[in-house]
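Enquirer: One structure is given below, represented as structure tokens, and several questions about it will come after.
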Amino acid sequence: RASDIRTAMALLQIAEPGQSPKPHQRRLAVGIDLGTTNSLVAALRSGISEPLPDQNGEVILPSAVRYHADRVEVGQLAKDAAASDPLNTVISVKRLMGRGISDVKHLGGQLPYRFSGGESHMPFIETVQGPKSPVEVSADILKVLRQRAEATLGGDLVGAVITVPAYFDDAQRQATKDAAKLAGLTVLRLLNEPTAAAVAYGLDQNAEGVVAIYDLGGGTFDISILRLTGGVFEVMATGGDSALGGDDFDHAIASWIIAEAGLSDDLDPSAQRSLMQTACTAKEALTDTDAVDVVYGSWSGVLTRAAFDALIEPMIARSLKACRRAVRDCGIELEEIEAVVMVGGSTRVPRVREAVAELFGRQPLTEIDPDQVVAIGAAIQADTLAGNKRDGGELLLLDVIPLSLGLETMGGLMEKVIPRNTTIPVARAQEFTTYKDGQSAMMIHVLQGERELISDCRSLARFDLRGIPAMVAGAAKIRVTFQVDADGLLSVSARELASGVESSIQVKPSYGLTDGEITRMLKDSFQYAGDDKVARVLREQQVDAQRLIEAVEGALQADGERLLDAEERMVISLQMDELRELMKGTDGAAIEQQTKRLSQVTDAFAARRLDSTVKAALSGRNLNEIEE
Ligand code: ADP
Ligand code: MG
């Protein structure tokens, strides 16, 4: 399956320029699933993507970090100490990534840490080693995975693909990148977890189809609907809940224990932790048995799977609601989804599998370990991004432009030159012309996005083309060429064809768009497609109107006194005022009507001007002199 996967993902941001690989030398790169609960590192070995084990053969590293006065402990031992040393042991740090101190306070009782930190700043967790930011804690997890990879693979890593939930915002993604840097890792790319899962299943090998990725982990739920066309994944919709996961199942069981045992829910941090561990153990056991004995302190009781299913039903329902909404967002029916991929440890819960199968009317894919599937997919992509070619010599991953590239035209409209999902490298040219008589310069404004109005797109660069020879409006031919090289570097050049004057710019994406931003921009473009068309027509009508007003004003200034009488001038000026007034509004039809009317009342004037120009030309003077 993994041997000849050809992948292309609409979600990829423009690649940052990297060093090109030396031939015949495999460059070591890994995929890292930096999870809320568990983290993994995977790599391609002998053509197969697999998670890398530690010395004890364990592939899962619990995302728990315990600070001692003189050392840092990461993984299972730290997790085990969470109950006995809660203040120095950090778990679920992913929930804190990119969050401010106020967000953290909001999470309240769920977190038994002592926080410090200024207003609206990064929260620091007070430990025996001093204050630790979430970025540092995450870096400590990544360091362990990096060392594991280097020891297993026997060499330095060129970099890693690190996965993040689809819902991570800019700050959360940036925090993840910072953590990697701190751990001495080069981030080849942040990749959305669901996309990684789809790659792991080789779904990109299908010719086409719509797939859903249901990811229920420890702390987050993500649903993603991807459409595959010609080996390219296109994100149709994403949805989910950044505060829904297996942790909540644990909390539900913990509340059940508190109620059953008649305990006070005002527990100290240590008691709270051990209660949560008891709950989690019971939950995981219920995946394989129908009932478990639960012992907490002096209390003991039995939790049946049926009772557990009832406890978590509202949470499952919330996830299904998000699924339905995501499907609706795509404007498709549930039946059109051809595969459902299960991701995340919590999809082991039998009731979750059942509920998902019921909703989509098909058995979800569960063959690849749901804990490992994300890291496995990330490793496949990491290998490609590191520049390794497949055995056949073919590049594994077909990189595409995630959002259309284009430029600004009159009226603040975006003209697309290279549509999104075009594979790179690519070069495309388009001709533009001048808008005014004698226009000698043209501003080239390079944009990225799907929307019609430039205000809804992202500005990448601006530059001027100067020295355009004087010509009447519309006569100059300016060829603008967009070129994106294999590293994703965009350069734009503009050339006036008659004179050969040229100007160009290299657009270096100092920071690319995050997957989240791209997803949002794509979603917006689907959502606003109708509005955009109306807006575009209106803008075009406004541009036409403005162009006519400017032409008439110019003509009036040049020849108004000479060729028109006072009454004619008055009629024209009234119609112009009327048009200017309408242009302030949004009634496109009225603007178009009034543009026509103004054009009609100035017809005779235009004819007279033409006459006089012809006469002047016949008398031996050239056009330029007439203009003056
Ligand atoms: P994350 O992506 O948030 O790090 P994972 O995908 O590793 O999370 O899933 C962790 C969650 O899966 C935890 O809540 C854990 O208790 C749960 N989990 C793991 N194994 C099982 C199981 N056998 N039955 C039920 N839940 C499980
Ligand atoms: Mg996960």
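Readers should treat all values here as calculations from the given coordinates under stated rules, not as data from a laboratory. Predicted model, so just to flag it, every value in this text is computed and none were measured. Cβ atoms come from the backbone with ideal geometry, glycine included; neighbour counts cover every protein chain shown.
Enquirer: Report the extension gain between residue 313 and residue 281 in nm, rounded to one decimal, defined as 0.36 nm multiplied by the number of residues separating them, less their alpha carbon distance.
Expert: Values: separation 32, 0.36 × 32 = 11.52 nm, distance 1.90 nm.
The span from residue 313 to residue 281 would gain 9.6 nm if fully extended.
Enquirer: Could you check the simple spin-label distance between residue 553 and residue 270, using points 7 Å along Cα→Cβ, in nm with one decimal?
Expert: If labels sit at residue 553 and residue 270, their model points lie 8.0 nm apart.
Enquirer: Here's something else I'd like to know. Please go through the residue pairs 79/181; 94/533; 436/584; 94/321 and name each one whose alpha carbons sit more than 30 Å apart in this structure.
Expert: Values: 79/181 24 Å; 94/533 41 Å; 436/584 22 Å; 94/321 25 Å.
Pairs exceeding 30 Å: 94/533.
Enquirer: Got a sec? How would 347, 163 order by Cβ neighbour count within 10 Å, fewest to most?
Expert: On the way: 347 22, 163 29.
Ranked by crowding around the Cβ, least crowded first: 347, 163.
Enquirer: Still on this structure, please answer the following. Would you mind checking which residues have amide H under 5 Å from residue 237's amide H? H placed 1.01 Å from N; only 5 or more apart, or other chain.
Expert: Here the answer is 225, since their amide H atoms fall under 5 Å of that of residue 237.
Enquirer: Further, regarding this structure: Sort 495-505, 333-343, 368-378 by packing, meaning the average of other beta carbons within 10 Å per residue, with the highest value first. Numbers along the way, then the final one.
Expert: Numbers: 495-505: 14.7, 333-343: 18.6, 368-378: 27.0.
Answer by packing, highest mean first, reads 368-378, 333-343, 495-505.
Enquirer: Further question: Distance in nm between label sites at residue 87 and residue 151, each 7 Å beyond Cα in the beta-carbon direction?
Expert: About 3.2 nm, to one decimal.
Enquirer: Checking the cross-link filter: which aspartates and glutamates have an alpha carbon closer than 18 Å to that of residue 132, excluding same-chain neighbours under 8 positions apart?
Expert: In chain and number order, the partners are 70, 73, 85, 103, 119, 140, 178.
Enquirer: What residue among 223, 185, 267 has its Cα farthest toward the positive end of the dipole of the stretch 165-288, where the charges are +1 on Lys, Arg and -1 on Asp, Glu, each on the Cβ?
Expert: Final value for the positive-end residue is 185.
Enquirer: Can I ask one more? What percent do you get for the relative contact order of the stretch 450-494 when only Cα pairs under 8 Å and 6+ apart count? Each step should come with its number before you reach the end.
Expert: On the way: 21 pairs, mean separation 11.0, N = 45.
Relative contact order for the stretch 450-494 comes out at 24 percent.
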